[in-house]
1. Using only Cα atoms, find the angle between the long axis of helix 85-110 and the longest principal axis of the chain, and express it within 0 to 90 degrees, rounded to the nearest 10.
2. Take Val169, project a point 7 Å from its Cα along the Cβ direction, then tell me which residues of the stretch 82-99 have their backbone nitrogen under 17 Å from it.
3. Separation of the stretch 138-176 and the stretch 25-87 by C-alpha centroid, Å?
4. Rolling a 1.4 Å sphere over the protein heavy atoms, what is the accessible area per residue of the chain, to the nearest Å²?
5. Sum up the lysine pairs in the stretch 21-175 that clear both bars: alpha-carbon distance under 25 Å and a spacing of 8 or more or different chains.
6. Determine the shape class of the stretch 45-84: with a ≥ b ≥ c the square roots of the Cα gyration tensor eigenvalues, call it rounded for a/c under 1.5, and otherwise prolate if a/b is greater than b/c, oblate otherwise.
7. With a 1.4 Å probe and every protein chain kept in, tell me what percent of the accessible surface of the chain is carbon plus sulfur.
8. Using the Cα centre of the stretch 80-217 as the reference point, and only Cβ charges (+1 on K/R, -1 on D/E), how large is the resulting charge dipole? Debye, rounded to the nearest 20.
Amino acid sequence: MYRLMILSSFVLGLLSAAFVLRRQNVKASIIGLSVILEMALTFYMALIITAILSGTKSCGLNSTGGALGLILGVIIFGLITPQYKKDFWIAYTLSLPLMYGIGKIGCAFAGCCSGIHYDGIFHVVTEKGDLFPVQIAEAVIFILIYIISMIIYYKDMYDPFASSVIYAVAKILLDFLRDTHEGMIISTNQMMCLTIVIILIVYIIIRKHQRFLKKDI
């Protein structure tokens with residue numbers, strides 16, 4: 001079930017992005033090529049980040065690495081086809097919470113991500129004791145974020161950069177509920193997400209400043 005859900009997350013996420021790109025009147029051939037590149041880079045970065053963080057001792061898919069791969073693909077295709085750069089940013093950032101949310105359902109079946117010790121409502125009973133259902137919480141929250149993002153997109157109010165900040169902040173906050181965070185001030189995943197947040201906020205500020213200067217001119 002884990003492999004099925006991980007595969008489904010990639011397929012449904014990329015189909016969602018392809019649908020948005022088609023709606024944005026991007027050529028079908030370019031959509032197809034971008035989907036192939038995105039799938040390759042997302043898998044590669046998800047695997048390579050896991051290998052780096054574990055010192056090549058384990059093999060698996062890191063969600064933050066996958067997101068970085070997706071963004072890298074957007075940047076590359078934006079350089080190749082600058083006329084569609086904005087469309088790529090919108091389509092693929094929209095798909096991020098859907099891919100992550102469905103992937104977390106797979107993690108819930110596999111039990112590969114455990115929550116902190118918790119015996120309250122909806123706790124999960126495991127060999128490690130009573131734990132917080134962090135995988136299910138992440139799945140529900142990110143799928144809801146995807147639905148809200150799509151509603152905002154259809155109202156022509158979606159900002160891929162501001163939305164990406166929200167996604168990263170949600171990931172940082174939810175990471176506090178993982179067992180790997182116990183005894184730690186900040187995890188590696190949180191540090192990577194925080195770096196992304198800082199870069200995006202700086203970009204948003206610079207972009208607004210440039211727009212303000214253009215209005216003055």
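The values are calculated or read from the model by the stated rules, or taken from the named source; none is laboratory data. Since this is a predicted model, take the numbers as computed values, not measurements. Glycine gets a Cβ as well: all are built from the backbone with ideal geometry, and neighbour counts include every protein chain shown. Accessible surface is based on the protein model in full, side chains and every heavy atom, while ligands, DNA and RNA are left aside. Shrake-Rupley method; radii C 1.70, N 1.55, O 1.52, S 1.80 Å.
1. Compared with the principal axis, the helix lies near 10 degrees.
2. Residues passing the 17 Å test: 97.
3. Each part reduced to its Cα centre gives a spacing of 19 Å.
4. Here the per-residue accessible area is 56 Å².
5. 12
6. Judged from the Cα gyration tensor, the stretch 45-84 comes out prolate (a/c at least 1.5, a/b above b/c).
7. 71
8. Dipole size: approximately 860 debye.
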